[in-house]
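These notes are about the structure you will find just below.
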Amino acid sequence: MGRILIVDDNKGVCSLLKEIFTMEGHYAKTCNEIEKVHEKLENFQPDLSIFDIHIGKCDVLEFTKSLKRLYPQMEIIFMSADDPEECFKGQKFIKKPFDIFKIREYINKILGDKLAV
């Protein structure tokens with residue numbers, strides 16, 4: 001299955017998503033601090049990363065654009081309780097609160113499409 005990195009400062013969200021994806025057979029890791037993302041990526045090299053758009057004091061969209069240049073194979077999904085702002089339209093996006101069954105299906109589809117290539 002796939003490798004998933006969950007980046008959110010809410011440890012409860014991270015734990016829940018990690019448990020869901022692990023039960024699906026994926027290898028999931030979490031990161032609660034934006035400053036530690038590069039270290040996690042170097043050691044883990046996920047197929048897919050899920051970023052809360054309100055983590056740390058950085059512009060997450062710009063931050064992930066720079067990550068995409070370093071890790072072009074990695075899918076990036078954004079997550080927030082807010083409606084996606086104009087700059088996040090067209091991006092893969094998960095709205096909180098989420099239905100765990102729908103998020104599981106959504107992530108499995110993305111990884112299935114990605115890993116089938």
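Would any residue of region 67-86 have its amide N under 17 Å from a label point 7 Å out along Cα→Cβ of residue 16? List them or say none.
What the label zone holds, given the 17 Å backbone N cut-off, is 78-83.
Using +1 on the beta carbon of Lys and Arg, -1 on that of Asp and Glu, and nothing else charged, what's the dipole of the chain about the Cα centre, debye to 20?
The calculation lands at about 280 debye.
Projecting each Cα onto the charge dipole of the chain (Lys/Arg +1, Asp/Glu -1 at the beta carbon, about the Cα centre), which of 13, 74, 50 comes out farthest on the positive side?
Of the candidates, 74 comes out farthest on the positive side.
Given the pairs 18/102; 11/102; 29/95; 29/89; 68/102; 57/95, which span a C-alpha to C-alpha distance of over 23 angstrom in this model?
Working: 18/102 15 Å; 11/102 21 Å; 29/95 20 Å; 29/89 26 Å; 68/102 26 Å; 57/95 20 Å.
Check vs 23 Å cut-off fails for 29/89; 68/102.
With labels modelled as points extended 7 Å from the Cα through the Cβ direction, what inter-label distance (nm, one decimal) is found for residue 62 paired with residue 45?
Label at residue 62, label at residue 45, 3.0 nm between them.
In deg cm²/dmol and to the nearest 500, what is the mean residue ellipticity at 222 nm of the chain if only DSSP H runs of at least 4 residues count, each as -39500 (n - 2.57), divided by the residue total?
Values: 4 runs with 49 residues, N = 117.
The per-residue figure over the chain is -13000 deg cm²/dmol.
Quick query: amide H of residue 6 versus all other amide H atoms, modeled in the peptide plane; which residues come in under 5 Å with a sequence gap of 5 or more or a different chain?
Hits under the 5 Å cutoff: 29, 30, 31, 50.
Relative to the compact-globule scaling 2.2 N^0.38 Å, provide the ratio for the alpha-carbon radius of gyration of the chain. Show your work: numbers first, answer last.
Details: Rg = 13.0 Å, N = 117, 2.2 N^0.38 = 13.4 Å.
Computed over Cα atoms of the chain, the ratio equals 0.97.
Label residue 105 and residue 38 with points 7 Å out from Cα along Cα→Cβ: what is the distance between them in nm?
Each label point lies 7 Å from its Cα, and together they span 4.0 nm.
Each value in this text was obtained by applying a stated rule to the coordinates, not by laboratory testing. Predicted model, so just to flag it, every value in this text is computed and none were measured. Here Cβ is always computed from backbone atoms with ideal geometry, including for glycine, and neighbour counts include all displayed protein chains.
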